[in-house]
Amino acid sequence: SPARRHDRAAFVTRPPEEAHCTVCRDDLRDKHMHGEYKMPGGKLVVIDLELDGDRLARVQLSGDFFLEPDTALDTINQALTGQPAAADQADTAAAIRAALDPQVMMYGISPEAIAVAVQRALHGNPEA
């Protein structure tokens with residue numbers, strides 16, 4: 001399977017040297033997993049993660065969305081880290097929502113969209 005190419009402009013939350021996914025999940029032996037979901041209206045949500053046993057690890061959310069305050073990105077990554085890989089989309093979205101302060105503003109992204117990207121990463125369907 002050819003390597004997947006990602007537009008650097010879409011990765012506003014990462015430094016340019018990390019903007020390309022070098023190995024998308026091509027088989028179950030790969031530890032690195034990658035999932036994308038394009039929100040209705042055109043916003044891209046990207047998740048890169050690994051598994052530690054049956055739990056999500058080293059979760060990195062990126063895309064062309066905005067969060068206020070900026071610290072909400074770290075909060076989401078931390079909320080996803082340690083979640084069971086077997087969790088469904090509703091449980092994943094609920095974990096994100098529970099971790100976020102009610103005052104957090106999400107533009108072009110939602111907990112449900114993040115959960116879709118997580119599921120796509122876990123189940124080997126990385127593209128939006």
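The values are calculated or read from the model by the stated rules, or taken from the named source; none is laboratory data. Please read these numbers as outputs of a predicted model, since none were measured by experiment. Counting neighbours? That spans all protein chains shown, and the Cβs are built from the backbone with ideal geometry, glycine included. Keep in mind that these areas ignore ligands, DNA and RNA; they rest on the heavy atoms of the full protein, side chains included. Shrake-Rupley method; radii C 1.70, N 1.55, O 1.52, S 1.80 Å.
Residue-wise test of (1) over 11 Å from the mean Cα position of the chain (by Cα); (2) modelled with pLDDT of 95 or more.
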site: Ala85; (1), (2): yes, yes
site: Gln89; (1), (2): yes, yes
site: Leu100; (1), (2): yes, yes
site: Pro111; (1), (2): no, yes
site: Pro126; (1), (2): no, no
Looking at (1) of a type in the set (Lys, Arg); (2) modelled with pLDDT of 95 or more; (3) touching an Asp or Glu at 6+ places or on another chain (Cβ under 8 Å), find the lone condition where Lys31 falls short. (2)
Take Ala72 and tell me if it is more than 10 Å from the chain's Cα centre (by Cα), under 16 Å from Arg97 (Cβ atoms) and either surrounded by 13 or more Cβ atoms within 10 Å (Cβ to Cβ) or without any contact (Cβ under 8 Å) to a residue 40 or more places away in the chain (or both). yes
Is it the case, given these coordinates, that Arg25 is within 16 Å of Glu127 (Cβ to Cβ) and either at pLDDT 90 or above or outside any helix (DSSP H, G or I) (or both)? yes
Going through the range 61-102 one residue at a time, which ones are more than 16 Å from Gln119 (Cβ to Cβ), in contact with a Leu (Cβ under 8 Å, 6 or more places away or on another chain) and not in a loop (DSSP other than H, G, I, E, B)? Leu67, Ala72, Leu73, Thr75, Asn77
Which pairs turn up if I take residues in the range 40-58 that are closer than 20 Å to Thr75 by Cβ and free of Cβ contacts under 8 Å to residues at least 60 places away in the same chain and look for partners that are polar (S, T, N, Q) and part of a strand (DSSP E or B) with beta carbon separation below 7 Å, at least 6 apart in sequence or on another chain? none
Of all residues making up the range 85-128, the number that are open to solvent by less than 50 Å² (accessible area, probe 1.4 Å), of a type outside the set (A, V, I, L, M, F, W, C) and over 25 Å from Thr71 (Cβ atoms): 3
